[in-house]
Structures are given as structure tokens and as C-alpha cells.
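Peer 1: Just dropping this structure here.
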Amino acid sequence: MELRHLEYFVAVAEERHFTRAAQRLMVSQSGLSASVRALERELDARLFVRSTRRVELTEAGRALFVEASRALASVRSAKEAVAAVQGLMRGTLAVGTEQCIAGVNVPGLLARFRAEHPEVEIRLRQAGSAALAADVAEGRLDLAFVALSGTVPEGIRLLALGRDRMVLLCRPEHRLAGRDRVGWSDLGGETFVDFHADWGARRRTDQAFAGAGTERRVALEVNDVHSLIELVGHGLGVAVVPRPVALKPQAAGLRTVELTEADACAWEVSAAVPDDRRTTPAARELLSYLPAAGVHDGAAVEDSSSAAGPDAEGPGVASAAADAEGPPAPAAARGADSSGAAAIRVPAPRG
């Protein structure tokens, strides 16, 4: 099985179109099609269902896609590791991020990386944390800045970066706007604005309501922070959001209400990296810009369970301390929020 065949197969699977895949790879469409047919003959399996408008993966194709993506990522990592030993930094850095990740100024990090390593191509994908974690596990991303809760998805490990509280966001005239604190039971009859289901904040809120036995109705789902704020501002619902969202300038005219101590829940930010291979040199370099990440020579970092605090979800946060070859981040690089949890003193997120 040739790597070229796998590369062509993955491109078609991602583009869902032979012509677009050929344009992306800068090869002829006939050559691309021949390569895919050769791979199908070798595996004795049909990989795509072809139509005049697009192609879809068969069950065999879906199984191959996962392993082929990982294989290509491992090959790329091997090449970049050799280059790093030779004192070179080259190749591609593929990064993912959810919107408004507290404590991680992604544009600033990428700008610094590009200035210091202009020969490395930077790719960025913005999506929900669940989708980004899957991309890291399957080798499509080198790392992603995510806010996951519950069990760590298979194929990744989390490097803890910080945490903050979830709060209620509502209009000033809302019945709860004058309250110091609210609990989940106070919100049972409300109409909610929230993010799509694969966002970390949405999953954390869903878990909290389910754990409290309180039903809620999410009537408006959005895929960006500013739309959520605008919908709440127009009185179309309330929202439970990470505190950094409530602190954005666009939310200045709204009211922020804390959750009661018994109902408080944490929004935890991490860097997701693959658990089946060492972090790529470019990804390690990017992570080294974050004081709390403590990455040294491919070594991971701070035990995320230590930063999670007493309300962490136990096995839901993976420890990376066992891999550590260097010292943890100095205490001066870390602060604390008002709840006493670890916080990172880096530029605030934008956008």
C-alpha cells in the first residue's frame, strides 16, 4: 500500500468530490481516480459510493479513513521530528480552536509562531470542541484548544490550561436580573439560547441540568458567541455561558447572575493532543508559548487533574504528568481566579 494512494484517498474523502480533491493535490483527476481504484483493488473493497454530484464513503471507506488519516499524520510527524533534530522547523502546523477560549489568545499565538517560524505553514479550523477533539484523535489536527467535560475522548490527552465559572446571562428587566445568585431549579421554565451540541459550554450546561434533574428548553441554537449575545439582548431567551462570554464588550448591556454554590459548575480549557504519538515539534513550540502548559522537549505538562479543583469530573480529565521530562510551569506564571482555581495570565481572547 503506497502512501500516495492513502493521501489521494483521504483527500477525496474530505472533499467528497474527485475534481476538488485533484485540484487540492494539484494532480490530474484521471491519475487520482486511478490511484483510488488501485487502492480498492488492493483492499478488495469498494471505498466510495459515486454519484454525478458527490461521493460518499462506504462502511469500508469510513474504517480506512480513520486509520489512513492517522498513518499520514504519523508519517508527517516522523519527517518533522527528523527536521527538528537537524535544527529545522518546517512542515505544517494544524490547529483547532473553539470560539472565545478563555486564557488563550489564539491569534496572538499564531502571529508569534509565524513571525518566528515563517517556513511552517499554519492551518486553523474553528469548530465545536467535540469535533476538534475527533480531528486531533484522527490526525487531522496537531492540537486543538478545547473546553471538554466528562470522559476524555479516545485517542487524545488533555493538557490543562485553565478554568472559569459558568454564569447566567439575561436582559436587565428579566425576572432574575436582580438576583445575586440563581440555581438550576430557578431556570426550569426559561427559554434558552445556547450553542450547538458539540460545543464544550453546551455540553457542560446540559450535564449540569441533567444532574440537577431540571428540564430546560433550548429554542435557539447558534454557532458563534456574538449571535448568542444578540439573541439574549433582544429578549429571545436567557443563556448559561462561560464567564468570559459575559465579560465581552458586546454583552455590556446585559446582566450577569452567578450560580449558587451548590449549582456552580466549571468550564475547563485544555489543549488536546494525540495520545498515541509524541506531539509534533511545531505543536510543542506553539504550546511552549503558554506558561501554564509547561511543554518541554515533547513532554507534556501539567496534570490537568490538579488544576480542575474539587468539582472536577475525576477520570474525565487525563493526566499528562507521567510523560513530563521538564519542570512544571513556574508558580509566577499562574494566578488564581476568584474561586481559587488555577488561571493563566495571558492576553484575553478576541473575536
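The values are calculated or read from the model by the stated rules, or taken from the named source; none is laboratory data. All values reported here derive from a predicted model rather than from experimental measurement. Neighbour counts are summed over all protein chains in view; Cβ atoms, including those assigned to glycine, are modelled from backbone coordinates with ideal geometry. These accessible areas exclude ligands, DNA and RNA; they are computed on the full protein's heavy atoms, side chains included. Shrake-Rupley method; radii C 1.70, N 1.55, O 1.52, S 1.80 Å.
Peer 1: Restrict the check to segment 266-285 and report whether at least one residue is closer than 20 Å to residue 184 by Cα and more than 18 Å from the chain's Cα centre (by Cα).
Peer 2: No, every residue in segment 266-285 fails to be closer than 20 Å to residue 184 by Cα and more than 18 Å from the chain's Cα centre (by Cα).
Peer 1: Right, something else. Where in segment 217-260 are there strands (runs of 3 or more DSSP E), lying fully within it, with 1 or more residues that are charged (D, E, K, R) and free of Cβ contacts under 8 Å to residues at least 60 places away in the same chain?
Peer 2: 217-222
Peer 1: Considering only residues that are crowded, with 22+ Cβ neighbours inside 10 Å, more than 24 Å from residue 245 (Cβ to Cβ) and modelled with pLDDT under 70, which ones fall in segment 259-304?
Peer 2: Within segment 259-304, 294, 295, 300, 301, 302 meet the criteria.
Peer 1: Being of a type in the set (A, V, I, L, M, F, W, C), farther than 19 Å from residue 101 by Cα and within 26 Å of the chain's Cα centre (by Cα) is the requirement here; does residue 144 meet it?
Peer 2: no
Peer 1: Using beta carbons and a limit of 6 Å, which pairs, at least six apart or on different chains, have the first residue in segment 19-46 and under 17 Å from residue 58 (Cβ atoms) and in a helix (DSSP H, G or I) and the second one open to solvent by less than 90 Å² (accessible area, probe 1.4 Å) and of a type in the set (Asp, Glu)?
Peer 2: Between residues of segment 19-46 that are under 17 Å from residue 58 (Cβ atoms) and in a helix (DSSP H, G or I) and residues that are open to solvent by less than 90 Å² (accessible area, probe 1.4 Å) and of a type in the set (Asp, Glu), the close pairs are 21/15.
Peer 1: Taking the conditions exactly as written (surrounded by 23 or more Cβ atoms within 10 Å (Cβ to Cβ) and either assigned to a helix (DSSP H, G or I) or among the small types (Gly, Ala, Ser) (or both)), does residue 169 satisfy them or not?
Peer 2: Criteria not met by residue 169.
Peer 1: Further, regarding this structure: For segment 1-41, which positions are surrounded by 14 or more Cβ atoms within 10 Å (Cβ to Cβ), farther than 19 Å from residue 70 by Cβ and hydroxyl-bearing (Ser, Thr, Tyr)?
Peer 2: Scanning segment 1-41 gives 33, 35.
Peer 1: Could you check how many residues of segment 47-72 are surrounded by 13 or more Cβ atoms within 10 Å (Cβ to Cβ), assigned to a helix (DSSP H, G or I) and of a type outside the set (Lys, Arg)?
Peer 2: Final tally of qualifying residues: 10.
Peer 1: Take the conditions open to solvent by less than 50 Å² (accessible area, probe 1.4 Å), under 17 Å from residue 10 (Cβ atoms) and either modelled with pLDDT of 90 or more or assigned to a helix (DSSP H, G or I) (or both) and apply them to residue 81. Does it pass?
Peer 2: Against the criterion (open to solvent by less than 50 Å² (accessible area, probe 1.4 Å), under 17 Å from residue 10 (Cβ atoms) and either modelled with pLDDT of 90 or more or assigned to a helix (DSSP H, G or I) (or both)), residue 81 does not qualify.
Peer 1: Let me ask something additional. For segment 175-200, what are the residues that are of a type in the set (Asp, Glu) and within 11 Å of residue 214 (Cβ to Cβ)?
Peer 2: 186, 190
Peer 1: Which members of segment 215-248 meet the condition of being of a type in the set (S, T, N, Q) and either open to solvent by less than 30 Å² (accessible area, probe 1.4 Å) or within 18 Å of the chain's Cα centre (by Cα) (or both)?
Peer 2: 223
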